[in-house]
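Reading through the structure tokens given below for one structure.
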Amino acid sequence: STVNVGDTTTVTARSGSVNVSGVIVKINDTSIGTTGSGGTLTYTPTDAGTFKVTGTKSGYRKATADLTVRSDRKTMTVSVSPNRPFAGEEFIITVVDSENSRAVSDASVNVSGDVRRTDSSGQARFMMGSPGNYSAEISADGYTDYTTQITVKEKAAEFDASDFKVTGTPKTGIRSKLSFSVKNTGVVDGTAAVRVVVEDEKGTVYDKTTIKTIASGETVTFTDTFRPAHTGTAYVNVYINDESVTTIPEDIRILTVEKGGFFEKIIDRIKSIFGK
């Protein structure tokens, strides 16, 4: 059977056409009482959902039934725009009816103690001065309460590295060139301290930090030249403002170093002297 949350429901235990008293009634294995002399028990559901009702009494077979409890309240849909606002900038919380998408006006919106009410468009406007995670609690007459989390970001530079390339096959004693791009995807200009570390199984081969100011939306190419010291495996790591870059492709992050030829080394040294 189907009932609503808060409605008083009568559970009747029957054997054939005869009502049975003393039957233990459980909802999802939790006892709600025993049927009285008339074989009935009243129950008021507090939660919506589908539940298993069982009735047991010595000398009788166990009886089961399904009970569907519906919420008598409507549900709301809540959106935040922008969904990850910046500190000091306005964001809008919009509340609509989940069934017909109509605006829910005069809903109470509580964002970390700042309580406002939605207008005729279902909107309430907020501005948080500090970055962090904030809880928004929304309630309206006739609707189930709604809670969501809002992440407020700091206005800052954000750097992404991509387009990693190593020129040529790495060889001992011969320069290899690593290049990659760094883009400032943040909303303000910022300084990027870009550190490139190349290590092999015997220690550090190359460790250099380059500091550049990168404008918001700007992309800068970084180029580093290193000489592998030993054959085998070399490991490339890049850090931006002390945070490890995780977007380096596997074939760049782990290099196989071959042995450089004698004449190759001489030519490479001559080129380096003349800046080529």
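Every read-out reported here was derived from the displayed coordinates using simple, explicitly stated rules and does not represent laboratory data. None of the values given here were measured: they were computed from a predicted structure. Here the Cβ is made from the backbone with ideal geometry for all residues, glycine too, and neighbour counts use every protein chain on show.
Brief remarks on what is shown
- The value obtained for the range 131-215, namely the Cα convex hull volume divided by the number of residues, is 185 Å³ per residue.
- In sequence order, the range 130-145 has phi-based couplings of 10, x, x, 9, 10, 9, 10, 10, 10, 9, 8, 4, x, 10, 6, 4 Hz under the Karplus curve 6.51 cos²θ - 1.76 cosθ + 1.60, θ = phi - 60°, and Gly or Pro positions carry x.
- Calculated FRET efficiency for the pair Arg116/Val18, C-beta based, R₀ 51 Å, to 0.05: 0.25
- Helix 262-273 axis, angle to the chain major axis (alpha carbon atoms, nearest 10°): 90
- Dipole of the chain, positive direction: furthest Cα of Ala13, Thr40, Val188, with charges on the beta-carbon: Ala13
- Working note: Karplus 6.51/-1.76/1.60 with θ = phi - 60° gives the range 71-84 the couplings 7, 8, 9, 7, 10, 10, 10, 10, 10, 10, 9, x, 6, 10 Hz, where Gly and Pro are set to x.
- Stokes-Einstein translational diffusion, the chain - Kirkwood Rh over all Cα pairs, 1.306 mPa s, 10 °C, in µm²/s: 62
- Prolate/oblate/rounded label for the range 57-181 (Cα gyration tensor, a/c 1.5): oblate
- Estimated translational D of the range 159-273 in µm²/s (Stokes, Kirkwood radius over Cα pairs; 4 °C; 1.567 mPa s): 87
- For the pair Thr68 and Arg125, a Förster radius of 41 Å applied to the C-beta separation gives a FRET efficiency near 0.55, rounded to the nearest 0.05.
- About the Cα centre, charge dipole magnitude for the range 2-70 (Lys/Arg +1, Asp/Glu -1 at Cβ), debye: 280
- Extension gain from Thr44 to Asn237, taking 0.36 nm per residue of separation minus the Cα-Cα distance: 63.2 nm
- Scalar couplings 3J(HN,Hα) for the range 147-158, obtained by applying the Karplus form with A = 6.51, B = -1.76, C = 1.60 to θ = phi - 60°, are 10, 9, 9, 10, 9, 9, 8, 7, 6, 8, 6, 9 Hz; x denotes Gly and Pro.
- Positive-end ranking of Gly49, Thr68, Val23 along the dipole of the range 2-70, with charges on Cβ about the Cα centre, is headed by Val23.
- Candidate aspartates and glutamates for bridging to Lys62, where Cα separation is under 15 Å - those fewer than 8 sequence places away on the same chain excluded: Asp29
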